[in-house]
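Okay, structure first, notes after.
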Amino acid sequence: MLLQTLKNSQITDNEISELMISQEKVAHVQSNNPLDHALLVLIKSGYTSIPVLDKQYKVQGQVGKAQILDSILGMERIEMERLHEYFVSDVMTEKVPRMKKDETFGKALMLSINHPFVCIEDNDGAFLGIMTRRSILALIHRHLEKI
Ligand code: 4BW
């Protein structure tokens with residue numbers, strides 16, 4: 001019953017700020033960044049995959065270490081010297097889960113089944129931050145503990 005309520009409820013402003021990693025703390029790249037820069041950001045941040053934003057801070061997609069390394073995979077070795085020949089736009093995927101800040105928690109939960117993070121946008125499509133699988137599970141756990 002509590003879970004049903006949670007599923008259909010809008011995420012409150014308080015919960016959004018608790019659940020969401022805000023935009024300034026999210027490691028990201030732009031689609032016109034060279035791939036060597038993107039790989040550096042991914043390695044330094046430690047994340048597998050991060051959002052790709054445009055100059056207006058709108059979400060364009062996501063890029064991960066696997067896609068970058070795959071693009072420079074030669075017949076016998078990873079050809080690191082080719083990294084600077086490509087841009088993020090050459091390897092990124094435009095498929096990225098996204099939702100508006102005022103949509104239901106159920107949508108975030110459903111998206112998180114297949115995606116490790118969900119991009120949160122305002123009504124004009126500006127990127128506000130990400131909601132991670134970890135924060136979604138933590139919220140459910142907190143609600144279950146109240147039962
Ligand atoms: O650097 C890390 N610090 C901490 N505290 N945990 C980490 C770190 N790197 C990975 N983790 C853990 C988290 O539990 O491994 C999980 C999988 O990481 P991922 O996917 O494969 O890099 C993490 O799970 P999560 O917190 O639920 O995050 C899910 C995914 O969201 C991450 C990554 O793709 C993205 N992400 C999380 N925080 C991010 C971020 N992307 C950019 N900037 C951030 N600050």
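How many residues, within region 33-72, are under 25 Å from ASP122 (Cβ atoms), more than 10 Å from the ligand (Cβ to nearest atom) and open to solvent by less than 30 Å² (accessible area, probe 1.4 Å)?
Adding up the residues that qualify gives 5.
Tell me which residues, restricted to region 107-124, are in contact (Cβ under 8 Å) with a residue 60 or more places away in the chain and in a helix (DSSP H, G or I).
ALA108, LEU109
Given the criteria modelled with pLDDT under 70, of a type in the set (Asp, Glu) and not in a strand (DSSP E or B), does GLU15 qualify?
Taking the combined requirement at face value, the residue satisfies it.
Go through region 98-115 and give me each residue that's within 16 Å of the ligand (Cβ to nearest atom) and open to solvent by less than 80 Å² (accessible area, probe 1.4 Å).
MET99, PHE105, ALA108, LEU109, LEU111, SER112, HIS115
Can you name every residue in region 116-140 that is open to solvent by 20 Å² or more (accessible area, probe 1.4 Å), more than 14 Å from MET20 (Cβ to Cβ) and modelled with pLDDT of 90 or more?
Selection gives PRO116, ASN123, ASP124, LEU137.
If you take the residues of region 73-84 that are touching a Leu at 6+ places or on another chain (Cβ under 8 Å) and not in a loop (DSSP other than H, G, I, E, B), which of them is surrounded by the most Cβ atoms within 10 Å (Cβ to Cβ)?
LEU83
Scan region 125-147 and report the pairs whose first residue is without any contact (Cβ under 8 Å) to a residue 40 or more places away in the chain and whose second residue is assigned to a helix (DSSP H, G or I), with Cβ atoms within less than 7 Å and a gap of 6+ or a chain change.
Between residues of region 125-147 that are without any contact (Cβ under 8 Å) to a residue 40 or more places away in the chain and residues that are assigned to a helix (DSSP H, G or I), the close pairs are ARG133/SER112.
The values are calculated or read from the model by the stated rules, or taken from the named source; none is laboratory data. From a predicted model like this one, the values you see are computed outputs, not experimental measurements. Every residue, glycine as well, gets a Cβ built from its backbone with ideal geometry; the counts of neighbours run over all protein chains shown. Calculation scope for accessible area: heavy atoms of the full protein, side chains included, ligands and nucleic acids excluded. Shrake-Rupley method; radii C 1.70, N 1.55, O 1.52, S 1.80 Å.
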